[in-house]
Each structure stands twice: as structure tokens, then as C-alpha cells.
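The values are calculated or read from the model by the stated rules, or taken from the named source; none is laboratory data. Remember, predicted model here, so these are calculated numbers, not experimental data. Note: ideal-geometry Cβ built from the backbone for every residue, glycine included; neighbour counts use all protein chains shown. What goes into the accessible areas is simple: the full protein's heavy atoms, side chains included, and nothing from ligands, DNA or RNA. Shrake-Rupley method; radii C 1.70, N 1.55, O 1.52, S 1.80 Å.
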Amino acid sequence: MKVTFFSHSTCLLEIHDKYLLIDPFFSGIPVFHNVNFIKFFKKIDYILLTHAHYDHVCDVELFSCKFDNVLIISNYEISNYFHKKGIKTYGINYGSFISFPFGKLKYVWAAHSSVFNDGTYGGNPGGFLLHTDEGNLYISGDTSVMYEMNLIPSFGKLKLSILPIGGKYTMDIEEAIMASDFLKSEKILGVHYDTFEDIKIDREQAKKKFFEKGKELILLEKGKTIYI
Ligand code: NI
Ligand code: MN
């Protein structure tokens with residue numbers, strides 16, 4: 001599995017020949033101003049949305065215009081919101097694995113909130129657990145640490161967890177370390193930091209803190225890829 005980090009919480013997963021974009025947020029980020037970022041993408045098959053906040057859904061329509069066959073996977077309320085805009089969606093909720101061509105996917109609990117910028121209710125916030133033949137991946141979405149994370153590894157050992165680490169709206173470094181213990185996850189890709197002034201972190205310090213607990217915190221530059 002190929003995981004490319006773009007910005008904030010936006011990552012692209014390549015699983016065999018399927019391309020999954022998570023929480024697309026480019027337009028509000030200074031480095032992407034006046035950049036035709038869509039041209040970096042040859043194909044997108046799925047867009048996974050963890051919750052309805054602007055910094056997770058703002059570029060959905062841009063991508064769905066460019067890639068007609070894209071399928072949005074999210075909770076029922078978010079799916080409904082985009083379905084009304086003429087986009088193909090697949091609405092789910094907590095409670096089971098669903099099979100897709102890239103593997104099995106489960107929408108899992110997150111301790112956060114979820115509302116669109118226009119005030120539309122965005123359902124319960126969540127994360128995704130992906131079980132694929134290239135390994136298992138947990139994308140927590142915006143959340144604090146929570147006991148429910150203990151359940152995640154009981155479904156299967158994780159190769160990678162994508163966790164927010166910037167604090168204020170989500171877990172900070174300390175909570176993300178607690179979360180990775182609950183998850184029994186040794187390899188963490190940190191997201192949701194440094195985008196705004198109020199979620200700035202000390203990257204070296206963060207990596208050191210994870211290292212001291214026997215974990216690896218991966219922080220990627222924009223557009224950089226890891227293979228798991
Ligand atoms: Ni949020
Ligand atoms: Mn957020």
C-alpha cells in the first residue's frame with residue numbers, strides 16, 4: 001500500500017489499482033494558492049470523509065467534478081449532503097465491515113463533532129478501519145484519545161495508524177502516544193498539525209517523544225510517500 005501525504009489530514013492511498021483520497025483540503029492552504037493541485041492526480045476512485053468540518057470536505061466537489069466516477073464513502077448524513085449535489089455516495093454508519101474492491105472498510109467512532117460550514121448537520125464524526133491484503137490501516141479522523149480505540153486491534157493487527165497530533169481540536173502528541181498504545185500500533189503517520197498557527201508542533205520533539213515510547217512517528221513533507 002502506498003500512502004501519500006498532501007496537507008493537513010489529506011492523504012492518498014493506493015491499494016492495488018484503486019486510489020482513495022482522504023479528507024481533501026487544499027484550497028484553504030497557502031502553499032496551494034494559485035496551484036492547479038488537481039493536476040497531481042491521474043485518477044481518484046473513492047473519497048473517504050471522516051466528518052463534515054470544512055478542513056476535511058472543502059475540495060470534495062472539485063475532485064468529484066474532475067473524476068466523474070468517484071464514490072464518496074462517509075456517514076449517512078455526509079453522503080446524503082453530497083448525493084443532493086449529484087455526486088455518487090455510499091452512506092454507512094458504525095457497526096460492520098463493508099467489502100469494496102480495495103478491501104474491507106469499517107466506519108468507527110471518533111470523539112469530535114461534525115457540521116458543514118452552512119450549518120447542515122454532519123452526522124456523527126468517525127474514522128476508518130481498512131483491512132486489505134496489503135495490510136490493515138486505521139485512519140482516526142479528528143478525535144481525542146478514547147477507550148474505544150482498544151477495540152481497533154482486536155479486529156486485526158495494524159500496519160499503520162494515521163492520527164492527528166496538533167492538539168486544540170484533536171489529540172496532541174501525548175494523547176496520540178496513549179492512542180497508539182491502545183491501538184497496539186508501532187507506526188504512526190501524524191496529520192492535522194502545523195496547518196494553522198494554533199496547531200503548530202515541534203516536529204523533532206514529537207518524533208523523540210514517540211521514539212522514547214518505542215513507537216515511530218512519521219511526519220511527511222507535502223507530496224511525499226511511504227509504502228507499508
Ligand atoms: Ni474537525
Ligand atoms: Mn479538522
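Would the chain count as rounded, prolate or oblate if I go by the C-alpha gyration tensor, calling it rounded below 1.5 in a/c and otherwise prolate when a/b exceeds b/c, oblate otherwise? Rounded shape, in that the Cα axes give a/c under 1.5.
Heavy-atom accessible surface of the chain, averaged per residue, reaches 44 Å², computed with a 1.4 Å probe. Rounded to the nearest 20, the size of the Cβ-charge dipole of region 1-58 about its Cα centre is 200 debye, with Lys and Arg at +1 and Asp and Glu at -1.
Computed over neighbours whose Cβ is under 12 Å from that of LYS43, the net charge equals -1, Lys and Arg +1, Asp and Glu -1. Each part gets one Cα centre, and for region 1-46 versus region 166-218 those centres are 21 Å apart.
Just how far, in whole angstrom, is region 61-88 from region 122-141 if you go by their alpha carbon centroids? Cα centroid of region 122-141 versus Cα centroid of region 61-88: 18 Å apart.
Which residue, ILE139, LEU219, GLY103, has the largest displacement toward the positive end of the dipole of region 2-220 when charges sit on each Cβ (Lys, Arg +1; Asp, Glu -1)? So the residue we want is GLY103. Seen from MET149, the other residues with C-beta closer than 15 Å to its C-beta sum to a net charge of -2, counting Lys and Arg as +1 and Asp and Glu as -1.
Counting pairs of alpha carbon atoms under 8 Å apart in space and at least six apart in sequence, what relative contact order in percent does the chain give?
Value for the chain: 17 percent.
When the residues ASP23, ASP198, ASP118 are ordered by accessible surface, computed with a 1.4 Å probe over the protein chains alone, the sequence from largest down reads ASP118, ASP198, ASP23. Could you tell me which of rounded, prolate or oblate describes region 10-126, using a ≥ b ≥ c as the square roots of the eigenvalues of the alpha-carbon gyration tensor, with rounded for a/c under 1.5 and, failing that, prolate when a/b is larger than b/c and oblate otherwise? Oblate shape, in that a/c is at least 1.5 and b/c is the bigger or equal ratio. Converting phi to 3J(HN,Hα) with the Karplus coefficients 6.51, -1.76 and 1.60 and the offset θ = phi - 60°, region 42-57 yields 8, 7, 10, 9, 9, 10, 9, 10, 7, 6, 8, 4, 3, 6, 10, 10 Hz in sequence order, with x at every glycine or proline. Cross-link partners for LYS207 among the aspartates and glutamates, with Cα-Cα distance under 18 Å and sequence neighbours closer than 8 places in the same chain left out: ASP172, GLU174, GLU175, ASP181, GLU186, ASP194, GLU216, GLU221. In a reduced charge model with +1 at each Lys and Arg Cβ and -1 at each Asp and Glu Cβ, the chain shows a dipole moment near 580 debye about its Cα centre. For each pair in LYS106/LYS222; LYS43/LYS88; LYS42/LYS187, compute the distance between the two Cα atoms and list the pairs where it is over 18 Å. Violating the 18 Å Cα-Cα cut-off are LYS106/LYS222; LYS42/LYS187. Measuring nothing but protein heavy atoms, the accessible surface of the chain at 1.4 Å probe radius is 52 percent carbon and sulfur.
Neighbours of ASP59 by Cβ distance under 14 Å: Lys/Arg scored +1, Asp/Glu scored -1, total 0. Among PHE102, PHE26, PHE196, determine the one that fluctuates most according to a GNM of the chain built with springs between C-alpha atoms less than 10 Å apart. For the chain, modelled as a Gaussian network with Cα springs under 10 Å, the answer is PHE196.
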